[in-house]
Every structure is written in structure tokens, then in C-alpha cells.
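Working notes, beginning with the structure itself.
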Amino acid sequence: MTRRLSVSIRPDGTIAAEASGTPGPDCLEALEQLKALLHAEVEASKPTPEFALLPETVQDEAAVRQRLEGQA
């Protein structure tokens, strides 16, 4: 699974960021780095469904997906 950090800057200057492909609390590290780079504060945060997954689970899902796509 590709790790991605999507960042949007809204017209009012607020920033929205979403980490994907980074299961569990590892996504929080990516967001902390972004926060430090931008000297920003977090107003709200909510976990994505990936947050509850363990890294091994995501790797297993990616392997299954690749095998299924190869058979199509």
C-alpha cells in the first residue's frame, strides 16, 4: 500500500490533512511532522478506518489485492 499524505489549504487559511496507507498510530507521526513544518495547531482530528489496522494486516491485504489483480 502506498503511503500518502493529502493536504488541502482552504480559502480561510485552515489546513486539512489526511494520512492513508499508514496503518495504526504511524499516521500520527506523519501528521506531527507536517504540524511542525507548518508551525500549525490541530483543531480537530479523527482516525480513518486504517487507524485500527495493524501494519501486518495492511501488508496482507495488499498482497491479496495484488494476487487477485494478477488473476483478472
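Of the listed requirements (1) at pLDDT 85 or above; (2) open to solvent by 80 Å² or more (accessible area, probe 1.4 Å); (3) not hydroxyl-bearing (Ser, Thr, Tyr), Ile15 misses just one: (2). Of the residues making up the stretch 33-48, just one is assigned to a helix (DSSP H, G or I) and more than 16 Å from Ser6 (Cβ to Cβ), namely Ala36.
If we scan the stretch 45-52, do we find a residue that is within 9 Å of the chain's Cα centre (by Cα), β-branched (Val, Ile, Thr), surrounded by 10 or more Cβ atoms within 10 Å (Cβ to Cβ) and at pLDDT below 80? Yes, there is a match, as at least one residue in the stretch 45-52 is within 9 Å of the chain's Cα centre (by Cα), β-branched (Val, Ile, Thr), surrounded by 10 or more Cβ atoms within 10 Å (Cβ to Cβ) and at pLDDT below 80. Within the stretch 6-30, the set of residues being within 17 Å of Leu53 (Cβ to Cβ) and either over 11 Å from the mean Cα position of the chain (by Cα) or not polar (S, T, N, Q) (or both) comprises Glu18, Ala19, Gly21, Pro23, Gly24, Pro25, Asp26, Cys27, Leu28, Glu29, Ala30. Of the conditions (1) modelled with pLDDT of 85 or more; (2) open to solvent by 70 Å² or more (accessible area, probe 1.4 Å); (3) not hydroxyl-bearing (Ser, Thr, Tyr), Ala36 satisfies every one except a single condition; which number is it? Evaluating Ala36 over (1) modelled with pLDDT of 85 or more; (2) open to solvent by 70 Å² or more (accessible area, probe 1.4 Å); (3) not hydroxyl-bearing (Ser, Thr, Tyr) leaves (2) as the failure. The combined condition, being modelled with pLDDT of 75 or more and among the hydrophobic types (A, V, I, L, M, F, W, C), is not fulfilled by Leu68.
The values are calculated or read from the model by the stated rules, or taken from the named source; none is laboratory data. As the structure is a prediction and not an experimental result, all values here were calculated from the model. Cβ atoms come from the backbone with ideal geometry, glycine included; neighbour counts cover every protein chain shown. In case anyone asks, the SASA skips ligands and DNA or RNA and just uses the protein heavy atoms, side chains included. Shrake-Rupley method; radii C 1.70, N 1.55, O 1.52, S 1.80 Å.
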